[in-house]
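Notes for the one structure printed next.
Just so you know, all these numbers are worked out from the coordinates, no wet-lab data involved. Only a predicted model underlies this, so the values are computations on that prediction, with no experimental measurement involved. A quick note on method: Cβ atoms are made from the backbone with ideal geometry, for glycine too, and the neighbour counts reach across all protein chains shown.
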Amino acid sequence: MATIFTKIINKELPGSFLWRDDKCVAFLSINPVREGHSLVVPIAEVDHWLDLDLETSAHLTKVGQHIGKALFEIYKPLRVGTMIAGFEVPHTHLHIMCIDNMADMDLVNAAQSVSPDELSKTAGSIREVLSSHGHSSVSDS
């Protein structure tokens, strides 16, 4: 059975996309810990990040850095953190989040809901910065 992320990737469920290429996608979390909280997800349904091939793992990190740089430019946090936990969805994903301290990475602090309009506005801002950095894999769909 397909994961919720596969359904988002295949556009069976809505997503606020930031990036799409042949190896991965990135979209906003619907339960963000902080504004701009993004997920970088391989297209291949791999449950545990340790099972990713090294090329895909490196690619996810590279895309995560691009998104992180955009978040840093927009929100100016002390840091942009990344985390791979894997308890929420059995499909590898990197969380990319603005943080000012370690507590900012605790998923317990995630918003219960964010309006689609707010997610759309946030995604638009991030895509705009990614495009201004010359990235051609920026996606709004």
Nonlocal Lys pairs with alpha-carbon distance under 19 Å, the chain (8 or more apart, or different chains): 5
message: Only Cα pairs within less than 10 Å get springs; with that Gaussian network setup on the chain, which residue of Ser115, Ser131, Ser57 has the largest fluctuation?
response: Ser115
Hz values of 3J(HN,Hα) by residue in segment 109-117 - Karplus curve (6.51, -1.76, 1.60), Gly and Pro given as x: 8, 5, 5, 6, 7, 9, 5, x, 5
- prompt: If R0 is 22 Å, what FRET efficiency do you get for Asp100 and Glu73 from their C-beta distance, rounded to 0.05?
  reply: 0.85
message: Between segment 86-141 and segment 26-67, what is the separation of their alpha carbon centroids in Å?
response: 10 Å
- prompt: Kirkwood Rh, the chain, all Cα pairs: how many Å?
  reply: 14.9 Å
task: Starting from the Cα of Glu55, step 7 Å along the direction of its Cβ; do the same at Ser115; then give the gap between the two resulting points in nm.
output: 4.5 nm
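Compute the signed sum of charges (Lys and Arg +1, Asp and Glu -1) over the other residues within less than 11 Å, Cβ to Cβ, of Ser137.
Working: positive: Arg20, Lys23, Lys62, Arg127; negative: Asp21, Asp22.
Charge balance in the 11 Å sphere: +2.
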query: In a GNM of the chain with a 10 Å cut-off on Cα contacts, which of Val40, Val25, Val114 has the highest mean-square fluctuation?
result: Val114
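Given the rule -39500 (n - 2.57) for each run of at least 4 DSSP H residues, summed and divided by the residues of the chain, what is its mean residue ellipticity at 222 nm, to the nearest 500 deg cm²/dmol?
Details: 3 runs with 45 residues, N = 141.
Result for the chain: -10500 deg cm²/dmol, rounded to the nearest 500.
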